[in-house]
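In what follows, a structure is listed as structure tokens, so that the remarks can point back to it.
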Amino acid sequence: MTLVQTLLSPLKPAAATLLAPASISSIYSLGAALMIAFAWLALRRKRRGRRVIPKALARAILPRRVLLHRSTFADLAYCVIGLATLGAIIGWAVVSTSWISDGVAAFLARWLGPSAEPQAPKVVLDGARTLALFLAYDLGFFIDHSLKHRIPALWELHKAHHSAEVLTPLVNFRVHPLDSLILANNLALVIGVIGGVAQYALGRKAVSFTLFDQNVLMLAYIYLTAQLQHSEIWIPFTGLWGRVFMSPAHHQLHHSADPAHFNCNLGASLAIWDWLMGSLRMPPVEPPRLAFGVSGHAHDPHGVMGLVVDPAVNAVKALLLSRVFSKPAAGSEPPSVVRAPLPAADFKP
Ligand SMILES: [Zn+2]
Ligand SMILES: [Zn+2]
């Protein structure tokens, strides 16, 4: 191996992720998000009787204030380092979804007896499995995210994500490695259990509908809203639609520094869990003035100490102080909410 190959080798996993069509971090889903943003803003200007000027729309989508913000540079660094290392870390430490699924299915077979072969057409069984595993991912994310906002030690880790002061799709990568690791394991656990129940109920022959080796419903989420949830383009879902699906505006409220928005909209692609649990906050049609970020940092929130070291140290301190299940101290409450997309790329039906 040449010196150049050696130096470039850590970037190979990053390139693979960026070029994988099913990855939440791919350049293709980013391109789709840009096109949706462009079409949305053009439509909004047209409805208001204003001229559609492509250059003005491009400036609205990628404003200099956001692009040149220190928060964005920190996200970029996190993105490069995370893509090169995080996959290996998570892959090594995550519990096995298929092992849990097989265990749950075997337990149900012993407890309830062998499952009767379902009589429904295969397309129905496959559709049911596709939906079940998609719901499992979303529920797993909601449970994990709720815990991150409720348990002080976990909030200290998750706070790194909320310290972003401007929102771009790069914020998807601004997740503390331990936060990602816990999410990946929680997802594997929930998907494993629900997958095992689905396996028992639907039979082993039922398989998910996939495209690029990814659950098609997950793929729709990745291409339609996942990237735009970390952007400052206000696309709100309202009415019943907004109670079922998490729009980009829902997640922007989650990141808001306004205490009125703390701990709202904890879901990933679906709003139903927040609706059921009372944490749903519907976005207004017109964009409010929002500020993003958290206060009370000991160090620069966009440096290594503030983003990587302090969250881990503060999480350990919170554990040692036996505050694991107590209410966060005043002043340390989450300023808003968010999701962590990296594990989504690892989700396979
Ligand atoms: Zn959050
Ligand atoms: Zn977020």
Over the chain, with neighbouring protein chains present, the accessible area per residue in Å² at probe 1.4 Å is 49
Within the chain, how many Lys pairs sit with Cα atoms under 29 Å apart, leaving out pairs fewer than 8 places apart on the same chain? 13
List, in order, the whole-Hz ³J(HN,Hα) value for each residue of region 104-110 obtained from phi through the Karplus relation with A = 6.51, B = -1.76, C = 1.60 and θ = phi - 60°; use x for Gly and Pro. 5, 4, 5, 4, 5, 5, 6
So for the pair ALA42, GLU117, with labels modelled 7 Å out along Cα→Cβ, what separation do we get in nm? 5.3
For a Förster distance of 35 Å, can you work out the FRET efficiency between the beta-carbons of PHE107 and VAL80, rounded to the nearest 0.05? 0.20
Which residues qualify? For SER256, with a placed amide H closer than 5 Å and at least 5 residues away or on another chain, they are VAL337
Ellipsoid semi-axes in whole angstrom, largest first, where each is sqrt(5λ) of the Cα gyration tensor of the chain: 32, 26, 22
Computed about the Cα centre, the charge dipole of region 75-211 from +1 Lys/Arg and -1 Asp/Glu charges at the Cβ has a magnitude in debye, to the nearest 20, of 320
Separation between Cα centres of region 37-60 and region 97-134, rounded to whole Å: 48
Picking from VAL308, VAL124, VAL294, which is most flexible by a Gaussian network model of the chain using Cα springs under 10 Å? VAL124
Separation in nanometres of the label points that stand 7 Å from Cα toward Cβ, at SER98 and VAL124: 2.9
Sorted by packing (mean other beta-carbon atoms within 10 Å per residue), highest first, where do 106-118, 69-81 land? 69-81, 106-118
Before anything else, pin down the relative contact order of the chain: Cα pairs under 8 Å, at least 6 apart, normalised by residue count, whole percent. 25
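The values are calculated or read from the model by the stated rules, or taken from the named source; none is laboratory data. What you see is a predicted model; the values in this text were computed from it and never measured. Cβ atoms come from the backbone with ideal geometry, glycine included; neighbour counts cover every protein chain shown. Areas reflect the complete protein model, heavy atoms only, side chains present, ligands, DNA and RNA absent. Shrake-Rupley method; radii C 1.70, N 1.55, O 1.52, S 1.80 Å.
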